[in-house]
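One structure below.
The values are calculated or read from the model by the stated rules, or taken from the named source; none is laboratory data. What you are looking at is a predicted structure, and each value in this text was computed from that prediction instead of being measured. We place every Cβ from the backbone using ideal geometry, glycine too, and count neighbours over all the protein chains shown. We work out accessible area using only protein heavy atoms, side chains counted, and drop any ligands, DNA or RNA first. Shrake-Rupley method; radii C 1.70, N 1.55, O 1.52, S 1.80 Å.
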Amino acid sequence: MVLERAWPLVLPLLIVASLFLSLAWFGLFRLMPDWLRIGAASAFGIAAIASLYPLRYFRWPQRAAIDRRIERANELEHTPVLVQADRLTGSADGFAQALWHEHQKRMAEKLGRLSSDLPRTGVPERDPWGLRAVSLLLLVTAFAFSAGPFGGRVADAFRAAPGVPPVPPRVDAWVTPPPYTGKPPIFLTADANRETALFDAPEGSDLTLRVTGGSGQETLTFSPTEGEAAEIAPQGAADPAQAQHTGVRQFSSKLVADGMLVLKSGADEIGTWAFQVVPDTSPGISFIGEPKRAVNGTLELAYRIQDDYGAVSGKAEFEMLEPQASDARPLYDKPDMPLSLPRKAAKDGAAKTSRDLTEHVWAGVPVRATLTATDAAGQVARSEAKEFRMPERPFTNPLARALVEQRRILALDANRKDRVLDLMEGVTLRPEETILNPVHWLAVSSVQSRLKQARSDDDLRGVVDYLWQIALAVEDGDLTAAERRLRQAQEALKNALENNASDEEIEKLMNELRAAMQDFLREFAERAQRDPNMAQQMPQNSQQLRQSDLEKLMDQIEELARSGAKEQAKDLLSQLQDMMNNLQAGRQQQRQQGQGQSEMRQQMDKLGELMRRQQEMMNETHRLDQMQRGQRQRGQDRGEQQGQQGQQGEQQQGQGGPMSAEELAEALRQMQQGQGQLRGDLGEIMKGLEGMGIQPGEGFGEAGEAMGEAGKALGDAQGEQAVGEQGRALEALRKGAQDMMQQMQQAMQGEQGGSEEGGRQQSSDRDPLGRPRATTGPDFGDTVKVPDEIDVQRAREILEAIRKRLGNALSPEIERDYLERLLQMR
């Protein structure tokens, strides 16, 4: 009866539990997404709680009900089980009691054959289709399936699914140096760099690290050598959903200090990289020599710029030395002079810049110049200060000089306008004496009127420009226009090359330069016609500059610019500018060359001829000495090498026969007279130098002594000793010639370079274009740095002849020793 009453109430709970266990053992919970898994587990929980509700109707069977069930199960009539427990009601007499006991006795006899009964739950009536068996079948099948490799566990319903395993992250890291360093990127994760313990990176390099895949929780930390570690935030940190969607996380930072870079994913370390930052040193700039005035009046600055990655700009800053009034009102700013940067291939960093500042109002004013250089990192270097007078254009006309002086006064202080007017009135006070050309008088009167009417600084600047134009017209007329046009064309082309202009613009500027060059050469020819001394005073052996040379040089500049070789094009343009500067030395330089230079060249030619004769005499002495030694050696080896000497004797007889020992000694004595004559010629050259004011150096004295010793050795037929003394004499002559050249250059510079304008003058060993002359005096071995093609070919022929002679087995031993020493010389 308990089973019949409890089973229908418990069966829903058991069905819910069996379905739950079947899903778990089949592994379905493990395959469900979290939201479905949680929903299914919650539904089973609610169903289980709901199935407990019918249990509240369960009642334990009572005694009477149990008795009736027994009677019904045994089909007992008259309720014999119930009779055993019943009692008579009311007052009962003895007969009634006896009768009741007899009845109970008879009913008890029926109870001796009682049997049990099976439970009747009534479930089949409620589930006629037998669906309850499906849950049991699923439970048994799921239990068996759970033992397999794909079976599930009950805990899967309460545990989050592991999901798809994360993709192993791919890490790409690289360092990009600043562009101005010219260094390639460093790939930290490349196979070639995996074993690198320490990476060198320029300061300011960009560090980039990209993580593809992974968990998306990667962190990047940089720990400097000195200081606290700092975490580098990924790019797009404000939108992590986007990064999670793309699966890419990128980190970026700048390297400014040594340290360690660490990439982690949670607590796991993915990679580490150590860096040593190479600092960007400050640039350095210094003068090379003193600022100079070029022959055409331009300011020339030679300097050296040093920087680890190259400077990006440079300029010269000027400061006026003369104190100005506290209330001075200058009309113009300080001169602006950008500096040309040295070529990247130049190891010493030397460079040179020339700029025409003669038109600036500071021309002729004492200034202090300081050079500055700036690198790509913004670091600025300053040089030492140099004090000099700003180059100015020399004016020989008194009126032009007066106008330029008044222009300078007005430009430096506009408050002195009245004084300038007074000076101009003084100039025009007696025009018939001071201003011979009426046009010039009209121009001066015009500028005087404009100055009186000037009210603003712009008006005054117009007057200053007008004064300069009048001064140029008074001094040179219209010829300076061509020179100005040439300078402007050169400057425009130079700026275009520095700014990487297009090919069309460069072609246009090259055409302008060619036209300006034509005008300038035509002006130079007209100037030469007016001054015949320019052509007469030019050295006869000086190299000439032809128009075709200039055209070829300009064509090379244009080709280099079009091909992208801007630096080489700027170098050729600078050479062209130097050639023009030297060419513009003009009349003033040629007038300063006189008879003294001609005499100096004559003495140099004599000395060169003397050295040549001494060299020839030494060669002849050496030849005779070798012959003399060969005879002595053959005399010693006559007995041992009779057959070989006989063969050599036949060959020498076929050639005319050898000289005897007496003949060789006599030939050496005859050379004594020639050596004495050379010594006498050297004495005459020394006297000539003393007459020119040049003191012969010690080298000439040593050469005279060596020549005397060589003469004595020749008189004693001592060829070997004579050759040694002659070589010493040649070396002393070269030393004395170098000293003589230095004194000559100093003398010529004293005559040419003492003008107030200063500057670089043309030396005696240079042509008007500043190139070394090939025919001016002897070559003492200190001017030619690189041999030309002819010298190289000649040297090859000499070496080939020496090797061929050395390979001859019949050559004497002493000759072979001498040839081997020649080949061993460096």
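Numbers for the structure displayed
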read-out	value
Criterion violated by GLU384 - all others in (1) open to solvent by less than 40 Å² (accessible area, probe 1.4 Å); (2) closer than 22 Å to GLU322 by Cα satisfied	(1)
Of residues in the range 498-507 being surrounded by fewer than 19 Cβ atoms within 10 Å (Cβ to Cβ) and in a helix (DSSP H, G or I), the one nearest to the chain's Cα centre (by Cα)	GLU498
Wholly enclosed helices (runs of 4 or more DSSP H) of the range 1-63 bearing at least 3 residues open to solvent by 80 Å² or more (accessible area, probe 1.4 Å)	2-25, 34-51
Residue ID - surrounded by the fewest Cβ atoms within 10 Å (Cβ to Cβ), chosen from residues in the range 277-300 that are assigned to a loop (DSSP other than H, G, I, E, B) and of a type in the set (A, V, I, L, M, F, W, C)	ILE288
Residues of the range 83-116 satisfying the condition of being open to solvent by 70 Å² or more (accessible area, probe 1.4 Å), at pLDDT below 75 and of a type in the set (A, V, I, L, M, F, W, C)	LEU114
Only listed residue being within 30 Å of ARG293 (Cα to Cα) and at pLDDT 80 or above, chosen from ASP716, ASP739	ASP739
The range 205-215: number of residues that are over 19 Å from ASP375 (Cβ atoms) and either within 25 Å of the chain's Cα centre (by Cα) or open to solvent by less than 20 Å² (accessible area, probe 1.4 Å) (or both)	4
Set PRO202, PRO168, PRO149: member being surrounded by 11 or more Cβ atoms within 10 Å (Cβ to Cβ) and of a type outside the set (Asp, Glu)	PRO202
Selection status of GLU218, surrounded by 17 or more Cβ atoms within 10 Å (Cβ to Cβ), touching a residue at least 24 places away in the same chain (Cβ under 8 Å) and more than 15 Å from the chain's Cα centre (by Cα)	yes
Pick from the range 362-379, criterion in contact with a Phe, Trp or Tyr (Cβ under 6 Å, 6 or more places away or on another chain) and assigned to a strand (DSSP E or B), ranking: farthest from VAL278 (Cα to Cα)	VAL367
Positions within the range 508-523 being touching a residue at least 12 places away in the same chain (Cβ under 8 Å), basic (Lys, Arg) and open to solvent by 70 Å² or more (accessible area, probe 1.4 Å), in sequence order	ARG522
Residues of the range 195-215 that turn out to be within 17 Å of GLY271 (Cβ to Cβ) and part of a loop (DSSP other than H, G, I, E, B), as a count	7
Scan of the range 363-389 for residues that are among the basic types (Lys, Arg) and touching a residue at least 60 places away in the same chain (Cβ under 8 Å), ordered by number	ARG382, LYS386, ARG389
Those residues of the range 301-313 which are open to solvent by less than 50 Å² (accessible area, probe 1.4 Å) and either outside any strand (DSSP E or B) or touching a helix residue (DSSP H, G or I) at 6+ places or on another chain (Cβ under 6 Å) (or both), in sequence order	ASP307, TYR309, GLY310
Filtered residues of the range 448-491 (kept if β-branched (Val, Ile, Thr) and free of Cβ contacts under 8 Å to residues at least 24 places away in the same chain)	THR480
Per-region count, the range 402-434, residues touching a residue at least 60 places away in the same chain (Cβ under 8 Å) and either open to solvent by 20 Å² or more (accessible area, probe 1.4 Å) or in a helix (DSSP H, G or I) (or both)	9
Residue within the range 524-540 that is modelled with pLDDT of 80 or more, open to solvent by 30 Å² or more (accessible area, probe 1.4 Å) and in a helix (DSSP H, G or I) present	no
Unmet requirement for THR121, which otherwise passes all of (1) in contact with a Phe, Trp or Tyr (Cβ under 8 Å, 6 or more places away or on another chain); (2) under 30 Å from ARG37 (Cα atoms)	(2)
Residue list for the range 435-490, restricted to those being part of a loop (DSSP other than H, G, I, E, B) and either modelled with pLDDT under 85 or surrounded by 15 or more Cβ atoms within 10 Å (Cβ to Cβ) (or both)	ILE435, LEU436, ASN437, ALA454, GLY477, ASP478, LEU479
Pairs, first at positive phi in the range 272-301, second open to solvent by 20 Å² or more (accessible area, probe 1.4 Å) and among the charged types (D, E, K, R), C-beta under 9 Å, six or more apart	GLY297/ASP356; GLY297/GLU392; GLY297/ARG393; GLY297/GLU757
Residues of the range 131-144 that turn out to be surrounded by 16 or more Cβ atoms within 10 Å (Cβ to Cβ) and of a type in the set (A, V, I, L, M, F, W, C), as a count	3
Odd one out for VAL367, checked against (1) modelled with pLDDT under 90; (2) under 30 Å from ALA414 (Cβ atoms)	(1)
Near pairs, Cβ below 8 angstrom, 6+ apart or cross-chain, from the range 314-337 (closer than 24 Å to SER282 by Cβ and assigned to a strand (DSSP E or B)) to any residue that is open to solvent by 60 Å² or more (accessible area, probe 1.4 Å) and acidic (Asp, Glu)	LYS315/ASP336
Test: residue in the range 380-388 that is polar (S, T, N, Q), in contact with a Leu (Cβ under 6 Å, 6 or more places away or on another chain) and not in a loop (DSSP other than H, G, I, E, B)	no
Wholly enclosed helices (runs of 4 or more DSSP H) of the range 556-669 bearing at least 3 residues at pLDDT below 80 and farther than 27 Å from GLU523 by Cβ	566-583, 595-636, 642-654
Qualifying positions in the range 102-138 - part of a helix (DSSP H, G or I) and farther than 26 Å from ALA65 by Cβ	GLU102, ARG132, ALA133, VAL134, SER135, LEU136, LEU137, LEU138
Near pairs, Cβ below 9 angstrom, 6+ apart or cross-chain, from the range 34-46 (within 18 Å of SER22 (Cβ to Cβ)) to any residue that is open to solvent by 70 Å² or more (accessible area, probe 1.4 Å) and not in a helix (DSSP H, G or I)	ARG37/ARG159
